[in-house]
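The values are calculated or read from the model by the stated rules, or taken from the named source; none is laboratory data. Bear in mind the structure is a predicted one, so any value in this text is a computation, not a measurement. Cβ placement follows ideal geometry from the backbone for every residue including glycine, while neighbour counts extend to all protein chains displayed. Ligands, DNA and RNA are excluded from the accessible area calculation, which covers all protein heavy atoms including side chains. Shrake-Rupley method; radii C 1.70, N 1.55, O 1.52, S 1.80 Å.
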Amino acid sequence: MAGLIARFPLLERLMALDPLTWFNPGATTLAEGLPHVGLTRQDVAEAAARLTRFAPCLCEAFPETRASKGILESEIAAIPAMQATLNQRYGVELTGRLLLKKDSHLPISGSIKARGGIHEVLAHAERLAMAAGLLREEDDYRTLLRDELRRFFGQYRIAVGSTGNLGLSIGIMGARLGFQVSVHVSADARAWKKRKLREHGVTVVEYAEDYGVAVAQGRREAQGDPHCFFIDDENSRTLFLGYAVAGERVKAQFDQMGIRVDAEHPLFVYLPCGVGGGPGGVAFGLKLAFGDHVHCFFAEPTHSPCMLLGVYTGLHDEIAVQDLGIDNLTAADGLAVGRASGFVGRAMERLLDGFYTLSDQEMYDLLGLLARDEQIKLEPSALAGMAGPWRVAADPAWQAERGLDIADMARATHLVWATGGGMVPAEEMEKYLASARL
Ligand SMILES: *Cc1c(COP(=O)(O)O)cnc(C)c1O
């Protein structure tokens, strides 16, 4: 370990739990980085087409998706009051425009996991039903909600390991189609999330250990049962592609809003990162949509900087934060991951501009400020992205290195990805708000 620290000097600050920003020297162009991803534009288009096929089914199954005709998408909101507040707080002026991507308010599960998790359940259901001759691509997918199909899916099980939100997405979607779902949850999973899952008829298995152990147990349960499908948050391409569909969706939203993204109008996106599938998939989709004009940053808690650690050292999933004596204890449930996905780190390391960490208190403070100034309530994890624009604004040297001058920065759009919080019960939200120092 001493040798590692000598080679990678930032590790000392990481171990001291100092909030830090690391601009990725390995970041390159889309043209150079894309071949390393192992997935293509065509793969993302297929995921998008699958979600379109399922839209009538979701629309019927979940009345809250009627307004969007069964397409799960979130709003993009301007947050100018928050921008003014944070200019003060951080003592740096963010000259571009600050926007919030409200995945916190996605239908069905109120988090970014409604993208990947639901896509994976739908892909699995489609595969099973087609193989059994019960569904063709050209069918009206509402047929999947018939009793006959529910009985068919009822013979199959789905297992997943989760810190909470992935379990909610997969549990609610899987149970609605008739699958027997078991969600293996880590110690830090919130009681209300477990309760909600049980209300939907999902089996919740609890572990005293962290996310990695819950995943390993879920995987073990699925082995040896050919009727059980394990959803692998660490390695699943299907999950990743579900997230990636966001890229084209954001582009269409920007077109509608009249927001340009090009060489003179750079886009910066800040994504809270746990194991990496969500932010990795979204960043992949954004890169495909906006090419080299989008700059993606991952945000992690100082106590769980697994992706920064994996990419910075090049060790990816061969190192965990615990190996450095970092405890992986954070109030940001979705981000409490000690070992990053090796698949995502290796696929995306050339396409990410940087990584940073922030303290739990910082997330709580940002949570309180956003609620006060914009009346938008999020869970702590979802605020990790909010510090990002000021980390970039505070570093003109990096901007210059990337060929961005003051005028470019003034025309920039900063999109903070709010990953969850829409379903947090009121009394839980009060506790979060009480932890903020305003
Ligand atoms: C899961 C989650 C993330 C991060 O996604 P990963 O795929 O684990 O990296 C961020 N925020 C919230 C609220 C989440 O639930």
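Apply the Debye scattering formula to segment 329-438, with a single equal point scatterer on each alpha-carbon and no solvent, then give log10 I(q)/I(0) at q = 0.11, 0.21 Å⁻¹. Once normalised to I(0) and log-transformed, intensities are -0.45, -1.17.
For the chain, what is the calculated [θ] at 222 nm in deg cm²/dmol (nearest 500), taking -39500 (n - 2.57) for each run of four or more DSSP H residues and dividing by its residue count?
After summing the helix terms and dividing by the residues of the chain, the value is -13000 deg cm²/dmol.
Computed over the alpha-carbon atoms, segment 46-182 gives an Rg to Rh ratio of 1.12, Rh here being the Kirkwood radius from the mean inverse distance. Ranked by solvent-accessible area (1.4 Å probe, protein heavy atoms only, all chains present), the residues THR203, THR143 order from largest to smallest as THR203, THR143. Taking 21 Å as the cut-off for C-alpha to C-alpha distance, list the pairs among LYS102/LYS377; LYS69/LYS287; LYS102/LYS194; LYS251/LYS377; LYS377/LYS431 that go past it. In this structure, LYS69/LYS287; LYS102/LYS194; LYS251/LYS377 exceed 21 Å between Cα atoms. Convex hull volume per residue, computed on the Cα atoms of the chain, equals 136 Å³. Calculated from the alpha-carbon coordinates, segment 1-126 shows an Rg and a Dmax of 20.9, 58 Å respectively.
Quantify, in whole percent, the carbon and sulfur part of the accessible surface of the chain (1.4 Å probe; protein heavy atoms only). Carbon and sulfur atoms account for 50 percent of the accessible area of the chain.
ARG89 contributes about 90 Å² of solvent-accessible surface, heavy atoms of the protein only, 1.4 Å probe. Diagonalising the gyration tensor over the Cα atoms of segment 382-428 and scaling each eigenvalue by 5 before taking the square root yields semi-axes of 32, 10, 7 Å, largest first. For segment 268-417, would you read off the P(r) tail past 28 Å as a percentage of all alpha carbon pairs? In whole percent, the share of Cα-Cα pairs in segment 268-417 beyond 28 Å is 18.
For the chain, hydrophobic long helices are taken as DSSP H runs at least 20 Å long by C-alpha position along their axis with mean Kyte-Doolittle hydropathy of -1.0 or more; these are 41-61, 113-131, 360-374. In the context of the full protein assembly, ILE326 retains an accessible surface of approximately 10 Å², using a probe radius of 1.4 Å and ignoring ligands and nucleic acids. Measuring gaps between exposed loop sites in the chain (GluC sites (Glu not before Pro); DSSP loop; at most 16 other Cβ atoms within 10 Å), the longest gap, sites not included, is 265-438.
Computed over the chain with a Gaussian network model linking Cα atoms closer than 10 Å, the most mobile of LEU58, LEU383, LEU135 is LEU135.
Dimensions of segment 275-331 based on its C-alpha atoms, expressed as ranges along the principal axes with the largest first, amount to 39, 26, 15 Å.
Magnitude of the charge dipole for segment 396-438, about its Cα centre and with charges confined to Cβ atoms of Lys, Arg (+1) and Asp, Glu (-1), is about 60 debye.
Near the amide H of ILE158, within less than 5 Å, lie the amide hydrogens of GLN180, VAL181, SER182, PHE229, all on another chain or at least 5 residues away, with H placed in the peptide plane. In the context of the full set of protein chains, residues of the chain present 37 Å² of accessible surface per residue (probe radius 1.4 Å, heavy atoms only). Note on the chain: with a GNM built from Cα contacts shorter than 10 Å, the maximum mean-square fluctuation among VAL311, VAL202, VAL92 falls on VAL92. In the complete set of protein chains, residue-level accessible area for TYR156 is approximately 40 Å², probe 1.4 angstrom. Comparing Cα centroids, segment 246-264 and segment 356-370 end up 28 angstrom apart.
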